[in-house]
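Since the structure comes first, as C-alpha cells, the remarks are kept for the end.
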Amino acid sequence: MVRLQKKTVKIVSVVIALVFVGSVVALALTQSGSGIASAASSNVGVVDYRQVGSSHPQLQSANAEMQKAVQDAQKEFEEKSKNMSDQEKNDYYQQTQQRLQQKNQELMEPIQKSIEENVKKVAEKKGLSVVLDKSAVVYGGTDITQDVINSISK
C-alpha cells in the first residue's frame, strides 16, 4: 500500500509540473504576441537629435559666431597674459573658458528650443505620446527625424 502511494505521489507531481510548465509557455506566447502587436501600433516616436541638430539652418551661423569668439578670446588672452605670472595666466585662462562656454550656451539655446518645439509639433500631429532619442531605442517606435527636419526648414 505504501508503494502505491509513493507511485501516485510521483505521478501527481509530474502532472502538476507539466501543467505548470505548460501554463508558463502559454503565458509567454500570449505576452510575446501582444508585445509584437502593440509595437506595430505604438504611439512612441523616435528622433535622431544629432541629425536634426546638424541640419538646423541656424547652426552654421552659430558655429561661425562661436569660432570668431574663440579667435577673439585667443588674441585677447595672448595680449593680456604677456606680463602675467603662471598662476595669473591659469586663472585668466579659466575665466576665458567660462566666458566661451557661456557664449556657446547662448548660441545653442535657441537652436535647442527650436528643435524641441518642432519635435513636439510633429509628435502631436502624428498622435505620439512619447518621443525618445533614437540612440536610446533598440527596437520599435515611429521615426519622425525627417519630419522634424522638414518642419524646422519651413
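The values are calculated or read from the model by the stated rules, or taken from the named source; none is laboratory data. Only a predicted model underlies this, so the values are computations on that prediction, with no experimental measurement involved. All Cβ positions, even for glycine, are placed from backbone atoms using ideal geometry, and neighbour counts span all protein chains on display. Ligands, DNA and RNA are stripped out before the accessible areas are found, and what is left, the full protein with its side chains, is counted by its heavy atoms. Shrake-Rupley method; radii C 1.70, N 1.55, O 1.52, S 1.80 Å.
Sort through 114, 42 and tell me the only one that's open to solvent by less than 90 Å² (accessible area, probe 1.4 Å), modelled with pLDDT under 90 and under 30 Å from the mean Cα position of the chain (by Cα). It would help to see each step written out before you state the result.
On the way: 114 fails: modelled with pLDDT under 90.
On inspection, the qualifying residue turns out to be 42.
Here is a check on your reading of the model: is residue 25 at pLDDT below 85 and over 23 Å from the mean Cα position of the chain (by Cα)? Give the steps one after another, and end with the answer.
Working: at pLDDT below 85: yes; over 23 Å from the mean Cα position of the chain (by Cα): yes.
The answer is yes for residue 25.
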State which residue is modelled with the lowest pLDDT when the search covers only the stretch 117-137 and only residues that are open to solvent by 50 Å² or more (accessible area, probe 1.4 Å) and among the hydrophobic types (A, V, I, L, M, F, W, C).
-> 136
Taking the stretch 95-137 and keeping only residues that are assigned to a loop (DSSP other than H, G, I, E, B) and either without any contact (Cβ under 8 Å) to a residue 24 or more places away in the chain or of a type outside the set (A, V, I, L, M) (or both), one is left with 127, 129
Within the stretch 138-154, residues open to solvent by 60 Å² or more (accessible area, probe 1.4 Å), in a helix (DSSP H, G or I) and touching a residue at least 12 places away in the same chain (Cβ under 8 Å) come out as 153
